[in-house]
Structures are given as C-alpha cells and as structure tokens.
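Only one structure is covered here, and it is reproduced in the block below.
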Amino acid sequence: MVANVISNVATGARSKSIAAIGPYLKSFSIVIVFVVISAFFAVANEYFMTWLNWVNLLRQSSINGVLAIGVTFVILTRGIDLSVGSVMALAGMIAASLVTSTNQHFVLWAVLAGLGTGALLGLLNGVIVTTFNVPPFVATLGMLSMARGLTLIFSDGRPVPNLSESFRWIGGGSVAGVPVPVLILFLVFATGWVVLSYTTFGRYVYAVGGNDKAAKTSGISTRTVIASTYVISGLLAGLAGLVLTSRTTAALPQAGIGYELDAIAAVVIGGTSLAGGRGSLVGTLFGALIIGTINNGMDLMGVSSYYQQLLKGAIIVVAVMLDQFRK
Amino acid sequence: MLSLSGAEPEVRDDAAIGLHDQPLLVADGVAKSFNGVPALRDGRLVLKRGTVHALCGGNGAGKSTFLNIVMGLLHRDEGSIRIDGVAVDFRSAADALRHGVTIITQELSPVPEMTVAENIYLGREPKIGGLVVDFPKMRRAAKRLLDDLEFDVPVGARMRDLSLAQIQLVEIAKALSHRADIVIMDEPTSAIGEHEVHILFNALKRIKARGSAIIYVSHKLTEIFEIADEYTVFRDGRFIESGAISSIDRNHLVTQIVGHEIKTVEKGRPNEGAPILLEVRSLSRGSHFKNISVTVAAGEVLGIYGLLGSGRTEFLETIFGIHAPTAGDVFLDGKRVDPGNPKKCIRQGMAMVSEDRKDTGLVLCASIAHNIALSSLTLRAVSGFVRRKAEAAATDRMMKLHRIKAASPNVAVETLSGGNQQKVVFARCLLTNPRLLICDEPTRGIDEGSKQEIYAFLREFAAKGNGVLVVSSEAPEILQISDRIAVFRQGRLDHVVDGHETTQQMLTDLAS
Ligand SMILES: Nc1ncnc2c1ncn2[C@@H]1O[C@H](COP(=O)(O)OP(=O)(O)OP(=O)(O)O)[C@@H](O)[C@H]1O
Ligand SMILES: [Mg+2]
C-alpha cells in the first residue's frame, strides 16, 4: 500500500516534470540546430564570429523574420499566405511615391500608407478565404499575382528612386548601434509572442487551427479569427516592404519576388505544423535566423549562389526531417 | 479450419491438447508505459474459439492500449502473446492481419473523400492485370459484404456524406471483410443506435458460428450480457478477473470494473409551477425537423429519445445556434435567442456537449487546460489577455471535480482515454456557468461508474434551478435521468411523456 503510494507519487512527479520540460525541449532543439550551423561557419571563416558580421546577419534576417512572423499566424490556423512578397512590393511602392524628392510628404504618411496597404490586402485575403470559402492556397496565389500587377501598373514598371533622408532611416539607420530593422524585428517578435501566448485571440488562433468545428462549438467566431490572421500577415508584409524599400533607397517593381518561400521555410523549420494548431514564434524566429545564417555564412565562404540555392533547400528539408524523427 | 495464412508454427506447445481445446489467443503480463507513465501494467486474456469475449474496465483501464498491442499498432514493453500456441510479436497492423487478427479501433479513421467501397478495400483493391483498379468488381464485393451483414449503407456514397453511425458500420464491415480468426472491436457501438446494434449482433453470431472469436469492448453492460460468452475485467491497467458471463450478474460486473459498489441515482420531481427556462416555438429546419414546440422548466431534465436520423442532433444544434432555423424561435429566460450564433448562445447561458467529441468537441492537439478554458476565455479575460492564474485554478478544479485521469493538465487531449476526453468536453461546457445544458449523447464511451456520476451531476445541476436538454439513444439512460421525455420520429415531435412513469417498452414502441 505504502509502496504503491510512493510509486504513484514518483511517477506523478516525473511525468509532471516531463510535461513541463516538453515544450521547452521542443524549442530548444531548433536552438541547437542554430548553434551547430553557427559553429560550423565560425570554424570555416574567422570573420563570421565578429560583432560586425552578426549585426549584418541580423539585419539581413530582419525582413524575412518579420514576414515569417506574420505567416506563422496564418499557418497556425491551417492556412497559407503566398502573397506576402507581392504585398510588400506594393506597400513599399505606395509608401515610396509619397516620399520622393518631387513629392515630399510626411514620412509618417508614407509609413501609414504602406502599413495600410498591407493590412487592406490582407483583409481582402481573409474575406475571400472566410466568406467565399476559397482555399487559402488559391486565394493568396491570386493575390500574389494581383498585388504584383498593381505594383507594376502603379509604377508603370519603373523604379521610384530618390527617397527622402528620413524615410531611408527605417532601413539604414540605427539606434545605439543596433540597426533599426533589427529593432523592428524584435519589437514585432515580442508583440507577436505576447499576443499568441497571453491573449485570448492567441488561444483562438491555436484552437481554430487544431479543430475549427470544436472552436465554433465553443463559441469562437472562427471566421473573424482566421480573417484577422491574414490581416496580421498583410500588415507585417507592409512593414517588411517599408524596410526593404528604405534599405534599397528605391522602390523596385520586382522587389520581394520569392520572399514568401523563405518566409514559409522559416516557419516550417521553426516547427510550426502546416496542418495547423501547433507551433510557436520562438521557432519561427530561429527559423529565420537559421536561413539568414546559412545565406550569410555561405556568402562569407564564397560559395557560388547556385550552390547556395541547392544547399539551402537541402538544409531546410533535413531540418524538418530531424524534427519529424524526434517525434 | 485453421486459416492462419502464411504463419508457420515455430514454437508449438507439445502438450497433447487438441486444437479445439487450445485457446486461440493467450496474452499474459502485457505492460506498456507512455513517457514513463504506465498505461497497462498486467494485461491478461484467454480467448477461446467460437466465443465473444467482453473486455471490461473503466475509462483509462488500459483496454485500448492492450488491444492496440495485440494488433501491433503499439509495441509492448513486457509480456507475451500467443496465437494458437505460437508466440507472436506483431510490428504492424498489416502483420497482424496476415496472421488473422483484425481490429475496429475506438477512434474511427475513414478517408472522407473516398466512397464506401473504396474505404472497405483500401490498400487491397481488386485489380485488372495487377495495375488498374477494378472498380465494378470492388463495388460488387462491397455490396455483397454489406448485404450479407444487413448493413444499410450505399456503397457508392462518399464517406463524408455518411452519418457517424454509417461510418461506424462501414468500419465494422471493413474489419469483417478480412474474414479474420480474431476480430477485435473497441467500442463498436458507441456511435450507433439500438437498431444497428441488433444487426451487428446478428453478424457477430454468424462469425462466432464460423469458429472465429471476438474480443468485444463496450461500456454498455446490457450489450455485454446480451452478446458475450466470457468476460475479463481490467482495472488501473491490471487484470482483475475473468470467467463465464452466465455465472455473474450486472452488479458483480460493475463492482469489479469500478472497484467499489456504486449507487444508482434517485431522481426527485422538479417543483410544480417552476418558471419556464427554455421555450422553443414551432422550430423548423428544412427537411431535418418540422414545427417543434417544447419547453424546459427551471429544475427540469428533458430527455429527447428517438431513432438514429430522427433529427434529434440537428434540433439541438439549431437551438445552440450552430445552424440557423428555417422557421420558429427560441427563448431563454423569456428573451429571444439570436439564431445561428453559438457565441451569443453561450453568453446567454447555454452550453452544449456535442455528439462527436473528436469532430466538434475537442481540439485534440491542444492541452487539457486549453480545451477546458476554451469556451470561457472571453468571459474571463480582461482586455483580451488570458487570466492565467484563474485559468489554472479553474482547470485544476474541473479536473478534480470530474476525475479526469491524466499526468498533467498540459498533456494533449489526444493522449487521453476516450472517456476522459468526454469529461474534458463536460468540463469546458460547465466552466461558462450555463443555465441550460444541452447534451447530445453525453455518456458516449463513458464507463459505468462515470456514467452514474454524470447522471448524478445532471440531476444536481437541474436541482439548482437550471435546465438540461439531453438526447440519448439508450432508453435506460433517458428513463433514468429525465423528468419528461420528448419522442422524436422522422423529424417530428410525436409525444411528450412523463419520465417517472414510462417504461422502456413504451418508449421504444413510441419511437419506432
Ligand atoms: N499515446 C498515449 N500517450 C500517453 N498516454 C496514453 C496514450 N495512450 C493512452 N494513454 C494513457 O493510458 C491509459 C490507458 O488508456 P486506454 O486508452 O488504454 O484506456 P481504455 O481502457 O481504452 O479507456 P476508455 O474506456 O476510456 O477508452 C490512460 O490513462 C491514458 O491516458
Ligand atoms: Mg479505449
């Protein structure tokens, strides 16, 4: 009897600690992958581990990171957003048109216009998906093309150069030695993380992705939740568009082509399930950092961009394979 | 008569026992742990040819774990399993199938976009020239199979268009189509009505006569006494006892399963002249149900009884706002309820325990805590933030109150036993402090002990001046808990009878 009780207590305690460590262990494994890759490049190239390079690496990862955080929300609800690359181009273009030397508006207006464009297109995605029941893949594939088309129409296929000094600060400036894009990334990450972990909306995102019918029976407005994730994704694509445009000091009509793939890759490497309901922003952040590290490290080693493509693809698949294996 | 295809006996007991006396399957000391938590400590079973063997036990007793091990779906940590005297250790379900063992698992797994025939012959489609699927032949075979079993399911229909009961019948047919020696059925009747159960039992008798054996799991003891020849009881992962069903009575079995004697619930009468809590006025929804008016008084349990497909579930779901009615109104506490909006219904004081917990009741990949809190999040949150402390306290209270058996509130609901999952649904609904509780088959897959707890709970809940609306296909259950019983027939409300004076026979007569 006593022995029985003791063994119960023991197994209870052990299982509790296992259950408590579980989630950390999961986000931990992606950190390990990140550390291993970094260590490899550190050995391969002495410049890799310098402060200057890390600031550079973080800045390079910031745009993809911001996009990926938005896309994580969508993927958590079992959706997908393929339109972020085009949306960021359009948002950047519209913002840029307000801050050229011939058209000197407030930078604030440009920023609001860029964010608003992103949010609006996201809302459109959300409405098409939830109200008209178009599969997310199709709806956002359509938006990918439409937003690109609008960018080309709006700019007549020509870049918009000569952006004002203050606008260029968004992508090129720094605060206390930290580049503004990196600050933006961490701000977006922190906000997103709080929203997903501490708010009811965050809980609903997971619930809708896990089982939308059960979420509905539980009294959740599943449509609103799903549509909101597309708005978030669009809004962050708009923000990324501002950063990109500012950094390149000109809005290019072909900006951001293919960016959606890197964003989705970051989300998936970060362990978020494409089937919805499982995943975290910590994973996504490290996913984006891993992709950034691979790009940066291979650049330093002078690997040709052809091989970079090949290796990056392979590493993405292997990372996810390892993740599956661990389960 | 031995149809163990391809299995050459390697280790055979030399004892001079005839093949007929030798048990078909002997399992001994089977154990299995998940993450260091034992789910099964000592599983034993001796299965004889030509018998139906009931495997009994409470929720989480380890029945499904044991059966999944026998079937090769899980791998055991310890113990031995012998089939026809040959030690076996199946690595996969395909392996077990080759050795004449088949299973109908507790959690169904249909391919929704495929037809009934394609589902039945999934992975072993008849082919022309070894390449092209021979669809006509497959359809004919499926039709013959279903006709033989007397299951009324169209072979050409897609699985997603079928009702839960029909899906269950298809899975049963699929398992039986293997013509296996050992048929394992893990709660095959939890989703089907009495009529279908009857058909199933006829099929089981024919299988038995063929010399095969069936391991049968059900929490409906009436079924066990009707169909089983032998029984084995597990409790807390351990073998407790086994024997012939004819040598025991219901009370004995319940006591063995639960571990102590249980009291059945006595129901009092609600106060005369209590105010009306729920009023449904000529509610209709397309062809599902027509012109239904009914009331639930404060303190009353209204049971709804009817055959499968009589529109009961649709009716409940319409009251709760999952569907919009085509005509009619619902009033709660005298206030009109907005149609087609579950969120508002919950705010106005309704809660619903839905029919299929896997489909509409639970977010399986989320934790117990998150599931329990799901409905009440908005009610409890301040400015959009989750109040974590309050949530943890509430989850803890609910888990204790409903005796949810789990390692921690943070484990995913999908790892719980079926009965414990159902309790999580209950906990979620009650956390919103509803005045009206709508339950669709509330004790599906729940063990006898917990069933009585739920009955007691429902009565107690009503006695506090709340209302309960409950649908059940089990006549004894409806009779035990209802003050009044509304009998549905083909989408119409035929009779409302007094729950204190009606007998089971009267009820089934009214419904058919
Ligand atoms: N995959 C799993 N991971 C962790 N624990 C599990 C898993 N599967 C089962 N368990 C645990 O093992 C125990 C036995 O579960 P099992 O499903 O075998 O019970 P059962 O007798 O079939 O109950 P029920 O009648 O409710 O279906 C339960 O406590 C359950 O929580
Ligand atoms: Mg079970």
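Miscellaneous remarks
- Chain lengthening between residue A:186 and residue A:305 when straightened (0.36 nm per residue, less Cα-Cα): 40.0 nm
- DSSP H segments from chain A that extend 27 Å or more along their own axis, Cα-based, with Kyte-Doolittle mean of -1.0 or above: A:2-44, A:51-76, A:107-130, A:136-155, A:222-248, A:281-301, A:305-326
- Spin-label zone in the stretch A:34-52 - amide nitrogen under 19 Å from a point set 7 Å from the Cα of residue A:322 along the C-beta vector: A:34-45
- Where trypsin sites (Lys or Arg not before Pro) fall in DSSP loop in the stretch B:182-252, at most 16 other Cβ within 10 Å: B:210
- The stretch between residue B:512 and residue B:250 holds 91.6 nm of extra length on full extension. This uses 0.36 nm per residue minus the Cα-Cα distance.
- Each of B:417, A:304, B:408 has some number of other Cβ atoms within 10 Å of its Cβ, and from fewest to most they run A:304, B:408, B:417.
- Projected label distance in nm at residue A:123 and residue A:40, using a 7 Å step from Cα toward the beta-carbon: 4.5
- Loop-resident sites, the stretch B:263-302, for trypsin sites (Lys or Arg not before Pro), counting at most 14 other Cβ within 10 Å (DSSP): B:263
- Efficiency of FRET from Cβ geometry, residue A:141 and residue B:272, R₀ 56 Å, rounded to 0.05: 0.30
- Options B:402, A:275, A:114, ranked by Cα towards positive dipole end of the protein assembly as shown, top entry (Cβ charges): A:114
- A simple count of charges around residue B:495, restricted to other residues whose Cβ falls under 12 Å of its Cβ and scoring Lys, Arg +1 and Asp, Glu -1, yields 0.
- Between helix B:194-209 and chain B: long-axis angle, C-alpha atoms, 0 to 90°, nearest 10: 10
- Per residue of peptide B:404-415, the mean number of Cβ atoms on other chains within 10 Å of the residue Cβ is 3.
- Sorting the segments A:76-87, B:446-457 by their residues' average number of neighbouring beta-carbon atoms within 10 angstrom, most packed first, yields A:76-87, B:446-457.
- Rounded FRET efficiency, nearest 0.05, which uses the C-beta distance separating residue A:223 from residue B:336 and R0 of 22 Å: 0.40
- Rounded to 5, percent antiparallel among DSSP beta bridges of the protein assembly as shown: 60
- For the stretch A:115-166 versus the stretch B:275-350, the gap between their alpha-carbon centres in whole angstrom: 44
- For chain B, the residue among B:434, B:169, B:24 whose Cα projects farthest onto the positive side of the dipole built from Cβ charges is B:434.
- Working from label points 7 Å from Cα in the Cα-to-Cβ sense, the residue B:128 to residue B:392 distance is 6.6 nm.
- The mean count of C-beta atoms from other chains within 10 Å of the C-beta of residues in A:200-206, rounded to a whole number, is 6.
- The alpha carbon convex hull volume per residue for the stretch A:92-172 rounds to 97 Å³.
- For the peptide B:36-43, the mean number of other protein chain Cβ atoms found within 10 angstrom of a residue's Cβ is 2.
- Linear extension gain, residue B:359 paired with residue B:460, 0.36 nm per residue minus alpha-carbon span: 33.5 nm
- Angle between chain B longest axis and helix B:388-401 axis [Cα atoms, degrees, rounded to 10]: 70
- Förster radius 25 Å - calculated FRET efficiency between residue B:80 and residue B:241, Cβ distance, rounded to 0.05: 0.80
- When only the Cβ of Lys, Arg, Asp and Glu is charged (+1, +1, -1, -1), the dipole of the stretch A:23-326 relative to its Cα centre reaches about 580 debye.
- Among the trypsin sites (Lys or Arg not before Pro) in the stretch B:456-491, those located in a DSSP loop and surrounded by at most 16 other Cβ atoms within 10 Å of their own Cβ are B:464.
- Inverse of mean 1/r across different Cα pairs in chain B, Kirkwood, Å: 24.4
- By the count of neighbouring beta-carbon atoms within 10 Å, fewest first, B:261, B:150 end up ordered B:261, B:150.
- Cα gyration tensor shape for chain A, rounded if a/c is under 1.5, else prolate or oblate: oblate
- Estimated inter-spin distance, residue B:87 and residue B:433, nm [label 7 Å along Cα→Cβ]: 6.1
- Filter on B:32/B:143; B:137/B:290; B:344/B:400; A:213/B:335; B:127/B:220 - keep pairs with C-alpha separation over 31 Å: B:32/B:143; B:137/B:290; B:127/B:220
- Positive minus negative residues near residue B:332 (Lys, Arg vs Asp, Glu; Cβ under 10 Å): +1
- When each of the peptides B:100-108, B:78-86, B:326-334 is scored by how many other beta carbons lie within 10 Å of its residues on average, the order from highest to lowest is B:100-108, B:78-86, B:326-334.
- Nearest 10 degrees, 0 to 90: helix B:418-430 Cα axis against chain B principal axis: 10
- The protein assembly as shown, dipole about Cα centre (Lys/Arg Cβ +1, Asp/Glu Cβ -1), debye to the nearest 20: 1760
- Sum of -39500 (n - 2.57) over DSSP H runs of 4+, divided by residues of the protein assembly as shown (222 nm, nearest 500): -16000 deg cm²/dmol
- Taking other Cβ atoms within 10 Å as a rough exposure proxy, B:276, B:214 sort from fewest to most as B:276, B:214.
- Net +/- balance of residues flanking residue A:68 in space, Cβ distance below 12 Å, scoring K and R +1, D and E -1: -3
Read-outs throughout are calculated quantities, based only on the coordinates presented, and are distinct from any laboratory measurement. Predicted model, so just to flag it, every value in this text is computed and none were measured. All Cβ positions, glycine included, derive from the backbone under ideal geometry; neighbour counts span all protein chains shown.
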